[in-house]
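**Student:** Got a structure for you, written out below as structure tokens; questions coming shortly.
Read the figures in this text as sums done on the coordinates, not as results from a lab. Quantities reported herein were computed from a predicted structural model and do not represent experimental measurements. Positions of Cβ are backbone-derived with ideal geometry, glycine not excepted, and every protein chain shown enters the neighbour counts.
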Amino acid sequence: MKIKNLKILLVDDEPEFLEISLNFLKKANENLEIETTSSVKDALEYLQNKSFDVIVSDYQMYGLNGLDFLEKLRENGNTTPLIIFTGKGREEIAIRALNSGADFYLQKSSDPYVFTELNHFIITSSEKNLINKRYIELLEKYKLVMTNLTEGVALEDQNGKFIYANQKMLDLFEYSEEELYGKHWKFLVPPEEFEKVLAESKKRPEGFESSYELVALKKSGEKFKILIKGTPIFSKNEKKFTGTLVVFTDITYIRELESKIIF
């Protein structure tokens, strides 16, 4: 993934080192658009009106330090990647920084190699953040689709336990997510239908899809007729069976109408 024109905010209360960092980073990567500020307070005010791809902050500064800065950013809902770039090389600071959510920790130096490494960290953290944003966007779209489907949709793990269900599925069986997740499919099947479902389930690890009618069981104990379509899921690399995508269609009304038709 190639990212161009990254907007970077440098925060450091040492004017000389701020200038050194600015010059070396520009030499390391001409696609960086760098702005600077000399305190956490100024940076927070700056961020109210501007956004950046990555923030690089010193740790020890007058007033609020780099970890205070990171904490306030996250409290404000700002998820911009932050790299702690500091002259303080103590291990406990590095551990605290990473545990607090900093993307990277790097010790300051005027050695050009350090800025090559900092540039690498900037690119890596921006790529990671972009991937996360795209993943969240896709997940939201996926959830929207699943929510608006007229059929119930669920995912079972390789052992037949539910790990996901859309709202239609939950409504059909009268369960909440908390009640359904982790439960085996047998809880939704009356005893007389158990062997049928078990036989179909045993075909899935072999790669066979299945489609069949079933009398299912709601949480209330009410029985109703559904059409089930089960599609096996395999891991991309290992080709290992990992679970089943199951689609549930309530056909109770259709079967009731059919029973009333006089030929």
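**Student:** Where both residues lie in the chain, what percent of DSSP beta bridges are antiparallel, nearest 5?
**Tutor:** Details: 27 of 44 bridges.
DSSP beta bridges in the chain are roughly 60 percent antiparallel.
**Student:** Compute a Gaussian network model of the chain, connecting alpha carbons closer than 10 Å, and tell me which residue from Ser57, Ser126, Ser220 fluctuates the most.
**Tutor:** In the Gaussian network model the winner is Ser220.
**Student:** Please return the longest stretch of the chain lacking exposed loop sites, where trypsin sites (Lys or Arg not before Pro) count only if DSSP places them in a loop and at most 11 other Cβ atoms lie within 10 Å. Mind showing how you got there, number by number?
**Tutor:** Values: sites that count: Lys2, Lys4, Lys50, Arg90, Lys202, Lys236, Lys239, Lys240.
Free of exposed loop sites, the longest segment is 91-201.
**Student:** Select from region 1-67 those chymotrypsin sites (Phe, Trp or Tyr not before Pro) which occupy a DSSP coil region and have at most 12 other Cβ atoms within 10 Å, ordered by residue number.
**Tutor:** Details: sites: Phe17, Phe24, Tyr46, Phe52, Tyr59, Tyr62; in loops: Phe52, Tyr59, Tyr62.
For chymotrypsin sites (Phe, Trp or Tyr not before Pro) across region 1-67 that sit outside H, G, I, E and B with at most 12 neighbouring Cβ atoms in 10 Å, the list reads Tyr62.
**Student:** Net charge around Glu213, counting only other residues with Cβ within less than 9 Å of its Cβ (Lys, Arg = +1; Asp, Glu = -1)? Mind dumping the intermediate values first?
**Tutor:** Numbers: positive: Lys225, Arg255; negative: none.
My count for the surroundings of Glu213 gives +2.
**Student:** Assuming a ≥ b ≥ c are the square roots of the Cα gyration tensor eigenvalues, decide whether the chain counts as rounded (a/c under 1.5), prolate (otherwise, with a/b larger than b/c) or oblate.
**Tutor:** Prolate shape, in that a/c is at least 1.5 and a/b is the bigger ratio.
**Student:** Then there is this: Where does the charge balance sit around His120 when Lys and Arg score +1, Asp and Glu -1, over other residues with C-beta under 13 Å from its C-beta?
**Tutor:** -2
**Student:** Using alpha-carbon positions, what is the distance between the centroids of region 47-74 and region 219-242, in Å?
**Tutor:** Cα centroid to Cα centroid, the span is 47 Å.
**Student:** Let me ask another. Å³ per residue of the Cα convex hull, for region 6-141? Let's see the in-between values first.
**Tutor:** Working: hull volume 14.5 nm³, N = 136.
Here the figure is 106 Å³ per residue.
**Student:** Which of the three applies to region 139-231, rounded, prolate or oblate, going by the alpha-carbon gyration tensor with a ≥ b ≥ c and a/c under 1.5 meaning rounded? Please list the in-between numbers first.
**Tutor:** Working: a/c = 1.63, a/b = 1.21, b/c = 1.35.
Oblate, because a/c is 1.5 or more while a/b does not exceed b/c.
**Student:** To the nearest 10 degrees, how steep is helix 15-28 against the longest Cα principal axis of the chain, on a 0 to 90 scale?
**Tutor:** 60
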